[in-house]
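Asker: This structure is in C-alpha cells; I'll ask about it shortly.
The values are calculated or read from the model by the stated rules, or taken from the named source; none is laboratory data. Values in this document were obtained by computation on a predicted structure and should not be read as measured data. Here the Cβ positions follow ideal geometry from the backbone for every residue, glycine too, while neighbour counts run over all protein chains shown. For the accessible areas, the whole protein counts, side chains as well, though only heavy atoms, and no ligand, DNA or RNA atoms are used. Shrake-Rupley method; radii C 1.70, N 1.55, O 1.52, S 1.80 Å.
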Amino acid sequence: MSRRDPHSFSDLDQGRVTNMDLDLNVNFATSRIEGKATLKLAAPAAGPLDLDTRDLEIKSVADTAGNDLKWELAEKDEVLGTCLRVEMPDGTASLTIDYVTSPEASALQWLEPAQTDGGKHPYLFSQCQAIHARSVIPCQDSPLARFTFTARMTVPEDLTVVMAAAPGQAGEGSQPGTRSFSFEMPQSIPPYLFAFAVGNIVSEDLGPRSRVYTEPETLEKSAWEFADVDKMLLAAEDVFGPYLWDRFDFLVMPGSFPYGGMENPRLTFLTPTLLAGDRSLVNVLAHELAHSWTGNLVTNATMDDFWLNEGFTVWAERRILENLDGKEAKALAAAIGRNGLMEAMESFGMDSPFTQLETDSKGSDPDEFYSLVPYEKGYLFVALLEQTVGRDQFDAFIKKYIKHFSFTSITTAQFEEFLNAEMPGIAGKVRADQWIHQAGLPDNAPVFASERLEMLEGLAKGWSDGTRPEVDQAKEWSPEDWQIFLQALPRSLPEADCAWLDDNFGLTGQGNSEILCNWLLIATASGYEPVFDRVRSFLGDVGRMKYLKPLYTALYEGGKTKEMAREIFAANAGGYHPIARGGIERIMAG
Ligand code: BES
Ligand code: ZN
C-alpha cells in the first residue's frame with residue numbers, strides 16, 4: 001500500500017480514476033445533491049479501491065455491466081472524512097456509485113434568496129480546495145489523481161448552471177419543472193478544481209476569450225471592473241507561454257464566497273468585494289489567471305507543496321502588474337505582501353514548521369493551517385531566484401518549467417531537481433535548502449525599495465510623535481497608498497486620532513474593501529464606537545475569510561467588544577460558508 005498524499009485515503013497503486021461521468025440532480029428543498037458518478041480507471045484493476053468521501057450517503061456501487069459490487073465505509077476521520085472501500089473483481093474497468101450529499105457538505109453553500117443580489121432565487125456553489133471535493137463526489141481526492149470528466153446537472157427550470165468546464169447543451173430535465181445542463185472537461189484536472197454554481201446567472205462578453213458571469217444586478221459593475229481581462233491574458237501569456245484552457249471566463253459570486261478568488265479552470269470564481277468601482281483590486285483576477293499555468297497546469301502534488309501553487313502565482317501576479325502598471329506599483333504590492341507575511345509568521349511563531357515552504361502537514365486540517373506563508377515567502381523565494389539569475393534567464397526557466405510539467409502534479413523535490421538540472425549552482429547560491437526546508441525568513445530575502453513606500457511608512461511611523469499627512473495630498477492617495485499607510489499605523493489609536501482620520505478621509509464610508517478592512521481593524525482595536533455599526537454591516541454582507549478572520553479576532557480580543565463578536569457571529573453564522581464558519585468558531589474558541 002502506498003498513500004502518497006497525507007490528506008487522502010486514496011492509493012494510486014490500487015488503480016487510477018482518470019475519467020468521471022457525473023449526473024447531479026440538485027434538490028434545493030432538501031439541500032442535497034442526488035449523484036451518480038461513473039469512475040473510469042486508467043486500466044482494468046482488481047482488489048480494493050479506496051475512495052475519499054465526506055458525509056456522503058452511499059446507495060450502491062456497481063461495475064460496468066451493472067452488477068452490484070461489495071463496498072464498505074470506514075470510520076469517519078474528522079480531518080479526512082470517510083474512506084469508501086470498493087472490492088473490484090478481476091478486470092474492473094469502471095464503477096458507478098449512486099449517492100446523496102449531506103446538507104452539511106463542506107464544499108457546498110446553499111443560499112436563501114435573501115442572500116443573493118437579486119433576492120428572488122436560491123443559489124448554490126461549490127468550493128473544493130483544499131479537500132472538500134469528497135463532500136460532493138466520491139473520488140481519489142488528491143491533486144495527484146488528475147481526471148477528465150463529463151457532467152450533467154439538473155436544476156429547477158428558472159435557474160442556470162455554470163461549471164468550470166466547457167458548456168454543452170441545455171435542455172428540459174427528466175422531471176417536470178427542471179432543466180438539465182451538460183458540460184465537458186477535456187483537460188485533466190486535480191479534484192480540487194472541480195466547481196460549479198447554480199443561480200440566476202447571466203453573462204457578458206469582455207473579449208475574444210473571456211466573459212463575465214454573475215447575477216443580473218451585478219453584471220454592469222462587474223463588466224466594468226474587469227474590462228481589462230484580455231490585456232491581462234495577453235500579459236500572462238507573455239510570461240508563461242500559451243493559454244491552454246481555451247477560454248478564461250469568470251464568475252462574480254454572492255457576498256458569502258469565502259475567498260478572494262478561486263482559480264477554477266475556464267471559470268474563475270471571484271468575491272464581489274473586488275467591485276471597488278475603480279479597478280483597484282483587479283490583481284486578484286490577475287492572480288487567478290496566473291494559476292492557469294502555476295497551479296492548474298503545474299499542480300502541487302499535495303498540500304505540503306502548496307507553495308509551488310501560490311508562491312509562483314503571486315510572483316506571476318506581480319509580474320503582470322509590473323507589465324501593466326510599472327515598477328512602483330509592484331514595489332507597493334510586494335510591501336503589502338511582506339506586511340502580511342510578517343504577521344502570519346509571527347502568529348505561528350518564527351520557528352514554527354508552518355513557516356517552511358515545504359510543510360509536513362499530515363494530521364493537520366488544511367483549512368486550519370492556511371496562511372500567507374506559502375504565498376508571500378514563496379513569492380520572495382521565486383523573486384530571489386529571478387533576481388539572482390537575471391530576468392531573461394529566469395523567464396526562459398519558467399517557460400520551460402511550465403512546458404515540462406504541464407498537466408502533472410509535482411512535489412517540492414521534483415521542483416528542486418528541475419532547478420538543479422536547469423540552473424546548476426543556483427540553489428546553493430540562494431540557499432534554497434534554507435528557504436524551502438527551514439522555518440523563518442532568510443536574510444537574503446529581496447527588498448523592493450520605493451520612495452513612495454518610504455514616504456508613506458515614514459508618515460505612519462511618525463504618527464505617535466504627532467506627524468500627520470497633509471490632508472489635501474492624502475485625499476489624492478491611491479488605494480495601495482492607503483493600505484500601506486494604514487498597515488504601518490499603530491494598531492490602536494486614541495479616540496481623537498480615529499475621529500481625525502475618519503472625518504478627514506471618510507474611511508468608514510470606503511468602497512474599497514481592503515482600505516475599509518484595514519481601517520475597521522484599527523478602529524475596532526481602538527474601541528472606536530462610531531465604526532461599530534459599519535463593522536456589523538460589513539460582517540453581515542461579506543463572507544470573505546481574509547476580512548472575517550482578522551475582524552472577528554480584533555473584536556474578540558478587544559476588551560469591550562468580545563460580547564459583540566459573539567452576538568454578530570450568532571446573527572450571521574447561518575449565512576457564512578461552512579469553511580468560514582469553522583474558521584471563526586476556532587477564533588472564538590481560543
Ligand atoms: N487557490 C486560492 C484560494 C484557496 C487556497 C482556496 C487554499 C482554498 C484553499 C486562490 O488562488 C487565492 O490564493 N486567493 C486569494 C487571492 C490572492 C490575490 C492572494 C484570496 O482568496 O484572497
Ligand atoms: Zn492563489
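Asker: Cα gyration tensor of region 161-287, axes a ≥ b ≥ c as square roots of the eigenvalues: rounded (a/c below 1.5), prolate (a/b > b/c) or oblate?
Answerer: On the way: a/c = 1.84, a/b = 1.29, b/c = 1.43.
Taking the square roots of the gyration eigenvalues as a ≥ b ≥ c, region 161-287 is oblate.
Asker: Between Leu234 and Lys475, what is the label-point separation in nm under the 7 Å Cα-to-beta-carbon projection?
Answerer: Label at Lys475, label at Leu234, 3.7 nm between them.
Asker: What are the trypsin sites (Lys or Arg not before Pro) within region 451-491 that DSSP puts in a loop, where the Cβ has at most 11 other Cβ atoms within 10 Å? Kindly include the intermediate steps, with their values, before the conclusion.
Answerer: Working: sites: Arg452, Lys461, Lys475, Arg491; in loops: Lys475, Arg491.
When the trypsin sites (Lys or Arg not before Pro) of region 451-491 are filtered for loop state and at most 11 Cβ neighbours within 10 Å, Lys475, Arg491 remain.
Asker: Could I ask something else about it? Only Lys, Arg, Asp and Glu count, each charged at its Cβ (+1, +1, -1, -1), so figure out the dipole size of region 204-437 about its Cα centre, rounded to 20 debye. Walk me through the numbers before you get to the answer.
Answerer: On the way: 20 positive and 38 negative charges, 130 e Å.
Around 620 debye, computed over region 204-437.
Asker: For region 476-590, what is the relative contact order in percent, using Cα pairs closer than 8 Å and at least 6 residues apart in sequence? Walk me through the intermediate numbers first.
Answerer: Details: 97 pairs, mean separation 25.2, N = 115.
Reported relative contact order: 22 percent.
Asker: May I ask which of Lys475/Lys549; Lys377/Lys429; Lys221/Lys399 have a Cα-Cα span longer than 23 Å here? Intermediate results must be reported in sequence, preceding the final value.
Answerer: Details: Lys475/Lys549 29 Å; Lys377/Lys429 18 Å; Lys221/Lys399 35 Å.
Beyond 23 Å between Cα atoms: Lys475/Lys549; Lys221/Lys399.
Asker: Work out from phi, with θ = phi - 60° and the Karplus expression 6.51 cos²θ - 1.76 cosθ + 1.60, the ³J(HN,Hα) of each residue of region 537-544, listed in order in whole Hz, and give x for Gly and Pro.
Answerer: 6, 4, 5, x, 8, 10, x, 6
Asker: Can you give me the Cα centroid spacing of region 300-379 and region 271-288 in angstrom?
Answerer: If you average the Cα positions of each part, the centres end up 19 Å apart.
Asker: Follow-up question, since we're still on this one. Given H placed on each backbone N at 1.01 Å, which residues far from Ser526 in sequence or on other chains put an amide H within less than 5 Å of it?
Answerer: Under 5 Å from the amide H of Ser526 lie the amide H atoms of Leu493, each far enough along the sequence or on another chain.
Asker: Of the beta bridges DSSP finds with both residues in region 126-201, what % are antiparallel, to the nearest 5?
Answerer: 100 percent
Asker: With a probe of 1.4 Å, find how much accessible area region 6-64 has per residue, and write the answer as a whole number in Å².
Answerer: Numbers: 2130 Å² over 59 residues.
Result: 36 Å² of accessible area for each residue.
Asker: First select every other residue whose beta carbon is under 14 angstrom from the beta carbon of Tyr123; then total the charges, Lys and Arg +1, Asp and Glu -1. Write down the numbers at each step before the final one.
Answerer: On the way: positive: Lys120; negative: Glu112, Asp117, Asp158, Glu215, Glu217.
Taking every other residue near Tyr123 into account, the sum is -4.
Asker: Please state the equivalent ellipsoid semi-axes for region 473-590: what are the square roots of 5 times the Cα gyration tensor eigenvalues, largest first, in whole Å? Mind dumping the intermediate values first?
Answerer: Values: eigenvalues 122, 47, 28 Å².
Taking √(5λ) for each eigenvalue gives 25, 15, 12 Å, largest first.
Asker: So, counting K/R as plus one and D/E as minus one, what does the shell of residues with Cβ under 12 Å around Thr96 add up to?
Answerer: Working: positive: Lys36, Lys40, Lys59; negative: Asp21, Asp23, Asp63, Asp68, Asp98.
Result for the neighbourhood of Thr96: -2.
Asker: Reachable aspartates and glutamates from Lys70, Cα under 15 Å, same-chain residues fewer than 8 places away excluded?
Answerer: Cα-Cα hits under 15 Å: Asp50, Glu87, Asp90, Asp98.
Asker: Could I ask something else about it? Could you please report the charge total around Pro48, scoring K, R as +1 and D, E as -1 over all other residues with beta-carbon less than 12 angstrom from its beta-carbon?
Answerer: Numbers: positive: Lys70, Arg85; negative: Asp11, Asp13, Asp50, Glu72, Glu87.
Result for the local shell: -3.
Asker: Next up: Would you work out the charge dipole size for region 1-54 about its Cα centre, treating the Cβ of every Lys and Arg as +1 and the Cβ of every Asp and Glu as -1, and quote it to the nearest 20 debye?
Answerer: Computed charge dipole of region 1-54: roughly 40 debye.
Asker: Determine the distance separating the Cα centre of region 188-266 from the Cα centre of region 489-525; give it in Å without decimals.
Answerer: 32 Å
Asker: Which one of Ala383, Tyr123, Ile33 is farthest out on the positive end of the charge dipole of the chain, using unit charges on Cβ (Lys, Arg +1; Asp, Glu -1) and the Cα centre as origin?
Answerer: Ile33
Asker: Specify whether the C-alpha gyration tensor of region 12-198 places it in the rounded, prolate or oblate class, a ≥ b ≥ c being the square roots of the eigenvalues: rounded for a/c under 1.5, otherwise prolate if a/b is larger than b/c and oblate if not. It would help to have the intermediate numbers written out before the result.
Answerer: Working: a/c = 1.81, a/b = 1.58, b/c = 1.15.
Judged from the Cα gyration tensor, region 12-198 comes out prolate (a/c at least 1.5, a/b above b/c).
Asker: Simple spin-label model, 7 Å along Cα-to-Cβ: Glu172 to Asp98 in nm?
Answerer: According to this spin-label approximation, the distance is 2.5 nm.
Asker: Ok, one more. Each residue of region 33-50 in order: what ³J(HN,Hα) in whole Hz does its phi give by Karplus 6.51 cos²θ - 1.76 cosθ + 1.60, θ = phi - 60°, with x for Gly and Pro?
Answerer: Computed from phi, the couplings for region 33-50 are 10, 8, x, 9, 10, 9, 9, 9, 8, 4, 8, x, 9, 9, x, x, 10, 8 Hz.
Asker: On to the next question. So what does the Cα-only Debye profile of region 219-271 read at q = 0.19 Å⁻¹, as log10 I(q)/I(0), no solvent term?
Answerer: Here log10 of I(q) over I(0) equals -0.73.
Asker: Considering only DSSP states other than H, G, I, E and B, which GluC sites (Glu not before Pro) in region 1-105 qualify as loop sites with at most 10 other Cβ atoms within 10 Å? The partial results should precede the final answer.
Answerer: Values: sites: Glu34, Glu57, Glu72, Glu75, Glu78, Glu87, Glu104; in loops: Glu75, Glu78, Glu104.
Passing both the DSSP loop test and the Cβ count: Glu75, Glu78.
Asker: Output wanted: per-residue J couplings in Hz (rounded whole) for region 316-325, from phi through Karplus 6.51 cos²θ - 1.76 cosθ + 1.60, θ = phi - 60°, x for Gly and Pro.
Answerer: Coupling constants for region 316-325: 5, 4, 6, 5, 5, 4, 5, 4, 8, 10 Hz.
Asker: Given 0.36 nm per residue, what is the gain on full extension from Gln393 to Arg247 after removing their alpha carbon distance, in nm?
Answerer: Details: separation 146, 0.36 × 146 = 52.56 nm, distance 2.93 nm.
Length difference between fully extended and current span is 49.6 nm.
Asker: Which Cα, out of Ser406, Pro156, Val198, lies furthest along the positive dipole direction of the chain (beta carbon charges, K/R +1, D/E -1)?
Answerer: The one lying farthest along the dipole's positive direction is Ser406.
Asker: Give me the three principal axis extents of the chain from the C-alpha atoms, as integers in angstrom, largest value leading.
Answerer: Here the spans come out as 79, 60, 48 Å, largest first.
Asker: Relative contact order, percent, of the chain when contacts are C-alpha pairs under 8 Å separated by at least 6 residues?
Answerer: Working: 1162 pairs, mean separation 64.2, N = 590.
Relative contact order, the chain: 11 percent.
Asker: Only Cα pairs under 8 Å and at least 6 apart count here; give the relative contact order of region 204-437 as a rounded whole percent. The partial results should precede the final answer.
Answerer: Numbers: 325 pairs, mean separation 43.7, N = 234.
Relative contact order comes out at 19 percent.
Asker: At a Förster radius of 45 Å, what calculated FRET efficiency corresponds to the Cβ-Cβ distance of Lys327 and Glu87, to the nearest 0.05? Kindly include the intermediate steps, with their values, before the conclusion.
Answerer: Values: r = 61 Å, r/R0 = 1.35.
So the FRET efficiency works out to roughly 0.15.
Asker: Go ahead and estimate [θ] at 222 nm for the chain from helices alone: -39,500 (n - 2.57) per DSSP H run with n ≥ 4, summed, over the residue count, rounded to 500.
Answerer: Values: 20 runs with 220 residues, N = 590.
Mean residue ellipticity, 222 nm, calculated: -11500 deg cm²/dmol.
Asker: Going by average Cβ neighbours within 10 Å, how do the peptides 545-558, 249-262, 437-450 rank, with the highest at the top? Display every interim value, and only then the final one.
Answerer: Details: 545-558: 20.2, 249-262: 23.8, 437-450: 14.1.
Descending packing order for the listed peptides: 249-262, 545-558, 437-450.
Asker: Keeping the other protein chains in place, figure out the carbon and sulfur percent of the accessible area of the chain, with a 1.4 Å probe.
Answerer: Details: 10860 of 22680 Å².
For the chain, the apolar C and S fraction of the accessible surface comes to 48 percent.
Asker: Could you tell me the center-to-center distance, by alpha carbons, between region 80-103 and region 413-482 in angstrom?
Answerer: What the calculation gives is 47 Å, centre to centre.
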